[in-house]
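Below: one structure, written as C-alpha cells.
The values are calculated or read from the model by the stated rules, or taken from the named source; none is laboratory data. Not measured: the values here are computed from a predicted model. Ideal geometry is used to build each Cβ from the backbone, glycine not excepted, and the neighbour counts take in all protein chains shown.
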Amino acid sequence: MALATQDIDIAQVEYGTAGYHRHTESLSAHEIGRIRDSIDRISRQTRPEVVFEKDTEVVRAVHGCHLFDETSARLVRHPLLLGLAESIIGEPVYVYQFKVNLKQPFEGAAWPWHQDYTFWRNEDGMTDDRAVNIAVLLDDTHEGNGPLQVLPGTHELGLVETAGRAGRSGDWRQHVAADLEYTVPDDVAERLRQEYGKELIVGPAGSVFAFHPSIVHASSSNRSPDRRAMLLITYNAVSNAPRSSPRPEFLVSKDTTPVTAFAGTTL
Ligand code: SIN
Ligand code: MN
C-alpha cells in the first residue's frame, strides 16, 4: 500500500521539523502476533545475534533477523514501513540495521542519551545522515515500561558533544549494551531537554514511528511488569551506503540492493 499523498506530506513535514513522526497507520494485531512469535523463537536460540543484559541471561536485543528469519525478511518489505522510509529519504533504500530491543519486565536496562549517527559515522564510515529509523512497537508502550524518549528538533544540530573515544572502538558489543560507546553527556542532554522539550514514543502495540539518525534520544530502564519490545529497522539511502564496515553483517548489512515492497498489504 503506497502512502496517500497527504500522508507523505504530513510525514515529511513532521519529520523534517521534529526529527520524528508518528505514523497514522499501524500494523495489525495479527501481524504483531506473527512478529512476536518469531522474535520469541529467535530469543531462545544460541546465536551471536542474541544479546543479553550485562552479566545475565536476560535477552536485551536480537539483531539482523531479516537475514535468517522469514517473517522478518518479509517485514522489511512491508509497504507500510518501506513506503514511510522511502517518502522520508526520497530515493531507493536498503536495510542497514534490523534489531529488536526487548526491555524485559523489571530487568530491561536503560539506553543512555545518544545519537545513532555518531555510531554509524565513527564505526561504519557513513558519510551522511540520510537514513531513517522505522520503529514498530511490539508491546503496549507507556511511560512506565521504558519508552524511547526523543528531544524534538535536535536532529538539526548535527552531532552534538559526545563522550567516548573518537574513531573506531572495534568492539561492537559496546554499541548494543547499556554502557554505550558514544553518549551525549547527561548535563548536555538536560540543557537540550530544557530548550527543545521531550516526547515519549508511546502507544499501543502495532504503532509505527520514524525517527532521525541525529535526533538525541534515550530510554530508561523498565521497572514495570510489562515488557517493552520495540523493533527498529534502519533504512539507508542506497547512495549513502558506507564503502565498508568492520562490524558484523548482522549489525550492519552490507547488501545495498534496494528493498522492494511485497504485493498486498499485510505480512
Ligand atoms: C531503546 O530501545 O529504548 C533504545 C533504542 C535505540 O537507542 O536505538
Ligand atoms: Mn539509538
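Quick check on my filter: what residues within the stretch 201-215 are under 13 Å from the mean Cα position of the chain (by Cα) and of a type in the set (A, V, I, L, M, F, W, C)? Please lay out each step first, then the result.
Step one: filter the stretch 201-215 for residues under 13 Å from the mean Cα position of the chain (by Cα), giving 201, 208-215.
Correct list: Ile201, Val208, Phe209, Ala210, Phe211, Ile215.
Taking Leu231, is it modelled with pLDDT of 95 or more, among the hydrophobic types (A, V, I, L, M, F, W, C) and surrounded by fewer than 21 Cβ atoms within 10 Å (Cβ to Cβ)? Reasoning before the result, please.
Working: modelled with pLDDT of 95 or more: yes; among the hydrophobic types (A, V, I, L, M, F, W, C): yes; surrounded by fewer than 21 Cβ atoms within 10 Å (Cβ to Cβ): no.
It is false that Leu231 is modelled with pLDDT of 95 or more, among the hydrophobic types (A, V, I, L, M, F, W, C) and surrounded by fewer than 21 Cβ atoms within 10 Å (Cβ to Cβ).
Do any residues in the stretch 116-134 that are among the aliphatic types (A, V, I, L, M) have Cβ atoms under 6 Å from those of residues that are in a strand (DSSP E or B), where the two are at least six apart or on different chains, and which pairs are they?
Every condition considered, the pairs that remain are Ala131/Tyr96; Ala131/Thr234; Ala131/Asn236; Val132/Ala210; Val132/Tyr235; Ile134/Ala210; Ile134/Ile233.
I want to confirm something. Restricting to the stretch 81-129 and keeping residues that are part of a helix (DSSP H, G or I) and of a type in the set (Ser, Thr, Tyr), which single residue is nearest to the chain's Cα centre (by Cα)? It would help to see each step written out before you state the result.
We begin by selecting, within the stretch 81-129, every residue part of a helix (DSSP H, G or I); these are 81-89, 116-124.
From what is left, the residues that are of a type in the set (Ser, Thr, Tyr) are 87, 117-118.
Values: Ser87: 17, Tyr117: 12, Thr118: 14 Å.
Filtering first and then ranking leaves Tyr117.
Has the stretch 181-200 got at least one residue that is assigned to a strand (DSSP E or B), within 16 Å of ligand 2 (Cβ to nearest atom) and not aliphatic (A, V, I, L, M)? Can you show your working first?
Restricting attention to the stretch 181-200, the residues satisfying the condition of being assigned to a strand (DSSP E or B) are 183, 199-200.
So of that shortlist, the ones also within 16 Å of ligand 2 (Cβ to nearest atom) come out as 183, 199-200.
Subsequent filtering for residues that are not aliphatic (A, V, I, L, M) retains 183, 199.
Yes, because at least one residue in the stretch 181-200 is assigned to a strand (DSSP E or B), within 16 Å of ligand 2 (Cβ to nearest atom) and not aliphatic (A, V, I, L, M).
Kindly check whether there is at least one residue in the stretch 195-208 that is away from ligand 1 (no atom under 15 Å from the Cβ), more than 18 Å from Tyr96 (Cα to Cα), out of contact with any Ser or Thr (no Cβ under 9 Å at 6 or more places or on another chain) and at pLDDT below 95.
No, the stretch 195-208 has no match at all.
I'm trying to understand the selection: among the residues of the stretch 201-242, which are charged (D, E, K, R) and farther than 20 Å from His63 by Cβ?
To start, the set of residues in the stretch 201-242 that are charged (D, E, K, R) comprises 223, 226-228.
If the condition is that a residue be charged (D, E, K, R) and farther than 20 Å from His63 by Cβ, then Arg223, Asp226 are the ones that fit.
Restricting attention to the stretch 210-224, which residues are surrounded by fewer than 22 Cβ atoms within 10 Å (Cβ to Cβ), within 16 Å of ligand 2 (Cβ to nearest atom) and either assigned to a strand (DSSP E or B) or not small (Gly, Ala, Ser) (or both)?
Across the stretch 210-224, the qualifying residue is only Ala218.
Collect the residues in the stretch 104-116 that are within 30 Å of Glu57 (Cβ to Cβ) and touching a Phe, Trp or Tyr at 6+ places or on another chain (Cβ under 9 Å), keeping them in residue-number order. Please lay out each step first, then the result.
Applying the first criterion (within 30 Å of Glu57 (Cβ to Cβ)) to the stretch 104-116 yields 104-114, 116.
Passing the criteria: His114, Asp116.
Residues are listed down the side, and each one gets a yes or a no for (1) acidic (Asp, Glu); (2) within 16 Å of ligand 1 (Cβ to nearest atom); (3) at positive phi; (4) crowded, with 20+ Cβ neighbours inside 10 Å:
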| position | (1), (2), (3), (4) |
| --- | --- |
| His63 | no, yes, no, yes |
| His66 | no, no, no, yes |
| Val76 | no, no, no, yes |
| Leu82 | no, no, no, yes |
| Glu86 | yes, no, no, yes |
| Val95 | no, yes, no, yes |
| Glu107 | yes, yes, no, no |
| Trp111 | no, yes, no, yes |
